[in-house]
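Participant: First, the structure itself, so that you have it in front of you.
The values are calculated or read from the model by the stated rules, or taken from the named source; none is laboratory data. Since the structure is predicted, the reported quantities are computational estimates derived from the model, not experimental observations. Here the Cβ positions follow ideal geometry from the backbone for every residue, glycine too, while neighbour counts run over all protein chains shown.
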Amino acid sequence: MPAMTPYFDYAATTPLDPRVEAAMGRVSSLGGDFANPSSDHPAGRLAATAVERASEQVRRCINAVDYRVTWTSGATESNNLAILGHVTAQLRRGRERRRLLVAATEHAAVLAAAQAADALGFSLEQLPVEADGRLAPATLDAALDDDVALVSVGHVNNETGVVQPLASLAPLIQAAGALFHIDAAQGAGRLPLDASTLGADLVSLSAHKFYGPKGIGALVHHANVRLAPLLHGGGQQQGLRPGTLPVASIVGLGEALALADDEVERERQVSLRDALRDRLAALGGVVVNGAVDGSPHVLNVAFAGVHGDALRSRLADLNVSFGSACSGRAGASHVLRAMARPDALADAAVRFSLGRFTTPADIDFIVERVASDVAALRAISPVWREIRAGRKLSDVYGVTTLPELA
Amino acid sequence: MSTASQPCQNWLERWRTAVDDVDKESLGSPDDPVGWQHGVAGSVRDNRRIDCWLEVVDGGIRAARFEVFASDEARRAAVWTVQWLQGQAIAQAEGLTGLAIAEATNLPDASRSDALCIEDALRAALAAPPTEGG
């Protein structure tokens, strides 16, 4: 296998923490808690205890003391269960509320699940965000009424690292009597999250985003929340999500979450991210897609005067992202469009996401490479020539305003 | 994660240097545009813009350059077009079509519009007066 360039795609997935791997290995082996936790015998009960221990770890890490933990295959399933599970439960109970509100920058898993609710008679409204990617409380307030069943807001945006002002949004949602779902796939284990204090009703998690195993996630939901299952079969998890529980993976999620959030590491990543941003900004014509105080691990920038296709071709050997790995689509992302970035500029955006194993030498490498390739493309670009000659970015890209350059 | 090994990194550097050297001879605006004919095709809004610069002397093309805000395929096709244009008479240059460029450079179907944009930029340059100084 050819040697790889440094990894800058931690927002897509993370490597398994060796301590987590060891914990999972102990469970999986013959002397471990490998049995089916639904089995009513001593080995099964030991496995069930391991599952409950992991549930406790999750509850403790996000301060969700009176909440239930339903294990899923990942945040995509958790988001679907939160939205469609609640919508279906509403219908069965004859409840009247029929509107769903989500921010326009939400992950495709949230948007698609909410759009699927249309077939069940629910309407979806995508709320516009500010140019920095944040959902303004006033925007949410204007959309809320007593017909809103559920509001879904991502804790941290996967493409831009924008951190939503959950503490400002939560009281508005509660006052309207709607459920509050937080997609915490990108934020859990990276930033503190206090489900109880926020009054969140549902929280989605995904282990592989915080150095846990792939294929396991959780929906953490308040005991008062009614959900209908999306899958049907055995009676596991009170019938809400049937299927034999993968004990090793569940143990892995619990361990990974307990190990993940570390203030010192957070500050280290902020420092690396800021260094990366400042050094790229020195190229000139760099637009930062997101807020200055975004999540420590994500930096999304667009290079003015550079064509997106050509940039992706030049940087093809780098482990960076040009849009969400989950969307699998070419062209400008819906997140950057929602932030009013013109398509041609959004197309030239690169997401760098850092992690526990990112080093200053990695930053040096990526800056040197990107700077070199951007310079090469700008050297032959008529658009960059005009920008260098003094033409305003907003004129070049045909928009009224553009965010400040980095 | 480890950084690229030395042999892999050297290969990448040599490839990029080779591409960039060819690009420098064919692409980018002329150092002194006075006297050159300049044509523009496409727009940023369309996410494709190509500029053509021609140095025309005695009814023939002494030098040509393109600026490219478009895909890698467009860049390759523009480089081919520069090499084809060198020394051509105006009448021959006027006969060059996007289809011919696309076929000569084996452009994939999805990139055929790039070749048409190169043709448009060339025609605009052929029709333009020489750029004046000042």
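Participant: Given the conditions (1) in contact with a Ser or Thr (Cβ under 8 Å, 6 or more places away or on another chain); (2) on the phi > 0 side of the Ramachandran plot; (3) not charged (D, E, K, R), which single one is not true for A:Gly94?
Facilitator: Checking A:Gly94 against (1) in contact with a Ser or Thr (Cβ under 8 Å, 6 or more places away or on another chain); (2) on the phi > 0 side of the Ramachandran plot; (3) not charged (D, E, K, R), the one that fails is (1).
Participant: Filter the stretch B:43-56 down to the residues that are in a strand (DSSP E or B) and within 17 Å of B:Ile118 (Cβ to Cβ), then identify the one that is nearest to the other protein chains (Cβ to nearest Cβ).
Facilitator: So the first thing to find is which residues in the stretch B:43-56 are in a strand (DSSP E or B), and the list is B:43, B:48-56.
The next check asks that each one be within 17 Å of B:Ile118 (Cβ to Cβ); those that pass are B:43, B:48-54.
Values: B:Ser43: 8, B:Arg48: 8, B:Arg49: 6, B:Ile50: 8, B:Asp51: 4, B:Cys52: 10, B:Trp53: 10, B:Leu54: 15 Å.
So the residue we want is B:Asp51.
Participant: Just for the stretch B:18-42: of the residues that are out of contact with any helix residue (DSSP H, G or I) (no Cβ under 9 Å at 6 or more places or on another chain) and either without any contact (Cβ under 8 Å) to a residue 60 or more places away in the chain or not in a loop (DSSP other than H, G, I, E, B) (or both), which one is farthest from A:His307 (Cα to Cα)? So that I can check it myself, show each step before the final result.
Facilitator: The first filter runs over the stretch B:18-42 and keeps only residues out of contact with any helix residue (DSSP H, G or I) (no Cβ under 9 Å at 6 or more places or on another chain), leaving B:18, B:21, B:30-35.
Subset that is either without any contact (Cβ under 8 Å) to a residue 60 or more places away in the chain or not in a loop (DSSP other than H, G, I, E, B) (or both): B:18, B:21, B:30-32.
Details: B:Ala18: 20, B:Asp21: 19, B:Pro30: 20, B:Asp31: 22, B:Asp32: 25 Å.
Among those that are out of contact with any helix residue (DSSP H, G or I) (no Cβ under 9 Å at 6 or more places or on another chain) and either without any contact (Cβ under 8 Å) to a residue 60 or more places away in the chain or not in a loop (DSSP other than H, G, I, E, B) (or both), it is B:Asp32.
Participant: Same structure again: Out of curiosity, is B:Ala63 modelled with pLDDT of 95 or more, part of a strand (DSSP E or B) and among the small types (Gly, Ala, Ser)? Lay out the reasoning, then the answer.
Facilitator: Numbers: modelled with pLDDT of 95 or more: yes; part of a strand (DSSP E or B): yes; among the small types (Gly, Ala, Ser): yes.
Judged against the criteria, B:Ala63 is a match.
Participant: While we're looking at this one, here's another question. Of the numbered conditions (1) touching a residue at least 40 places away in the same chain (Cβ under 8 Å); (2) at negative phi; (3) not in a strand (DSSP E or B), A:Asn300 satisfies every one except a single condition; which is it?
Facilitator: (3)
Participant: Is it the case, given these coordinates, that A:Leu30 is closer than 18 Å to A:Asp261 by Cβ and of a type in the set (A, V, I, L, M)? Steps first, please.
Facilitator: Details: closer than 18 Å to A:Asp261 by Cβ: no; of a type in the set (A, V, I, L, M): yes.
So A:Leu30 fails the test.
Participant: In the stretch A:389-406, which residue that is free of Cβ contacts under 8 Å to residues at least 40 places away in the same chain and part of a helix (DSSP H, G or I) is farthest from the other protein chains (Cβ to nearest Cβ)?
Facilitator: Checking each candidate, the answer is A:Ser394.
Participant: Test of understanding: among A:Leu205, A:Leu140, which residue is in a helix (DSSP H, G or I), surrounded by 18 or more Cβ atoms within 10 Å (Cβ to Cβ) and modelled with pLDDT of 95 or more? Let's see the steps before the verdict.
Facilitator: Working: A:Leu205 fails: in a helix (DSSP H, G or I).
Exactly one of A:Leu205, A:Leu140 is in a helix (DSSP H, G or I), surrounded by 18 or more Cβ atoms within 10 Å (Cβ to Cβ) and modelled with pLDDT of 95 or more, namely A:Leu140.
Participant: Here's something else I'd like to know. Yes or no: the stretch B:117-129 includes at least one residue that is in contact (Cβ under 8 Å) with a residue 40 or more places away in the chain, over 15 Å from the mean Cα position of the chain (by Cα) and in a helix (DSSP H, G or I).
Facilitator: The answer is yes, given that some residue of the stretch B:117-129 is in contact (Cβ under 8 Å) with a residue 40 or more places away in the chain, over 15 Å from the mean Cα position of the chain (by Cα) and in a helix (DSSP H, G or I).
Participant: May I ask you to say which residue of A:Asp262, A:Asp201 is in contact with a Phe, Trp or Tyr (Cβ under 9 Å, 6 or more places away or on another chain) and charged (D, E, K, R)?
Facilitator: Values: A:Asp262 fails: in contact with a Phe, Trp or Tyr (Cβ under 9 Å, 6 or more places away or on another chain).
The match here is A:Asp201.
Participant: In the stretch B:57-75, which residues are within 14 Å of chain A (Cβ to nearest Cβ), closer than 16 Å to B:His38 by Cβ and among the small types (Gly, Ala, Ser)? Give the derivation first.
Facilitator: To start, the set of residues in the stretch B:57-75 that are within 14 Å of chain A (Cβ to nearest Cβ) comprises B:64-75.
Still in the running and closer than 16 Å to B:His38 by Cβ: B:64-69.
Selection gives B:Ala64 alone.
Participant: While we're on this one: Identify, from the list A:Val298, A:Val306, the residue that is aliphatic (A, V, I, L, M) and more than 11 Å from chain B (Cβ to nearest Cβ).
Facilitator: On the way: A:Val306 fails: more than 11 Å from chain B (Cβ to nearest Cβ).
None of the others qualify; the one that does is A:Val298.
Participant: Among the residues of the stretch A:117-130 satisfying the criterion of being under 19 Å from the mean Cα position of the chain (by Cα) and surrounded by fewer than 16 Cβ atoms within 10 Å (Cβ to Cβ), which is modelled with the highest pLDDT? Before the answer, list the steps.
Facilitator: Applying the first criterion (under 19 Å from the mean Cα position of the chain (by Cα)) to the stretch A:117-130 yields A:126-130.
Checking which are surrounded by fewer than 16 Cβ atoms within 10 Å (Cβ to Cβ) leaves us with A:128, A:130.
Working: A:Pro128: 97, A:Glu130: 94.
The selected residue is A:Pro128.
For every residue, the table says whether it meets (1) hydroxyl-bearing (Ser, Thr, Tyr); (2) modelled with pLDDT under 95; (3) more than 18 Å from B:Ala41 (Cβ to Cβ).
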site	(1), (2), (3)
B:Gly59	no, yes, yes
B:Glu67	no, no, no
B:Trp80	no, no, no
B:Gly87	no, yes, yes
B:Ile90	no, no, yes
B:Gly98	no, no, no
B:Ser111	yes, yes, no
B:Ala115	no, no, no
B:Arg123	no, no, no
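Participant: Quick test for you: out of A:Ala281, A:Ala316, A:Ala346, pick the one residue that is more than 9 Å from every other protein chain (Cβ to nearest Cβ) and crowded, with 17+ Cβ neighbours inside 10 Å. Even if it seems obvious, please write down each step before you answer.
Facilitator: Working: A:Ala281 fails: crowded, with 17+ Cβ neighbours inside 10 Å; A:Ala316 fails: crowded, with 17+ Cβ neighbours inside 10 Å.
Criteria check complete, one pass: A:Ala346.
Participant: May I ask you to list pairs of residues, at least six apart or on different chains, whose Cβ atoms are under 8 Å apart, with the first in the stretch A:28-52 being outside any helix (DSSP H, G or I) and the second being among the polar types (S, T, N, Q)?
Facilitator: A:Asp33/A:Thr49; A:Phe34/A:Ser28; A:Asn36/A:Thr244; A:Ser38/A:Gln236; A:Ser38/A:Thr244
Participant: Is it true that A:Arg59 is assigned to a strand (DSSP E or B) and not hydrophobic (A, V, I, L, M, F, W, C)? Can you show your working first?
Facilitator: On the way: assigned to a strand (DSSP E or B): no; not hydrophobic (A, V, I, L, M, F, W, C): yes.
Spelling it out, it is not the case that A:Arg59 is assigned to a strand (DSSP E or B) and not hydrophobic (A, V, I, L, M, F, W, C).
Participant: Which of the following residues is more than 19 Å from A:Asp132 (Cα to Cα) and within 27 Å of the chain's Cα centre (by Cα): A:Val350, A:Val370, A:Val383, A:Val396?
Facilitator: On the way: A:Val350 fails: more than 19 Å from A:Asp132 (Cα to Cα); A:Val383 fails: within 27 Å of the chain's Cα centre (by Cα); A:Val396 fails: within 27 Å of the chain's Cα centre (by Cα).
Residue meeting the stated conditions: A:Val370.
Participant: If you don't mind, another one. When the stretch A:348-382 is examined, which residues are found to be farther than 30 Å from A:Ala260 by Cα and among the polar types (S, T, N, Q)?
Facilitator: Those that are farther than 30 Å from A:Ala260 by Cα and among the polar types (S, T, N, Q): A:Ser372, A:Ser381.
Participant: Name the single residue that is surrounded by the most Cβ atoms within 10 Å (Cβ to Cβ) among those in the stretch A:369-380 being in contact with a Leu (Cβ under 9 Å, 6 or more places away or on another chain) and within 7 Å of another protein chain (Cβ to nearest Cβ).
Facilitator: Let us first name the residues in the stretch A:369-380 that are in contact with a Leu (Cβ under 9 Å, 6 or more places away or on another chain), namely A:369-371, A:373-375, A:377-380.
From the residues that got through so far, the ones that are within 7 Å of another protein chain (Cβ to nearest Cβ) too are A:379-380.
Details: A:Ala379: 16, A:Ile380: 26.
Among those residues, the one meeting the criterion is A:Ile380.
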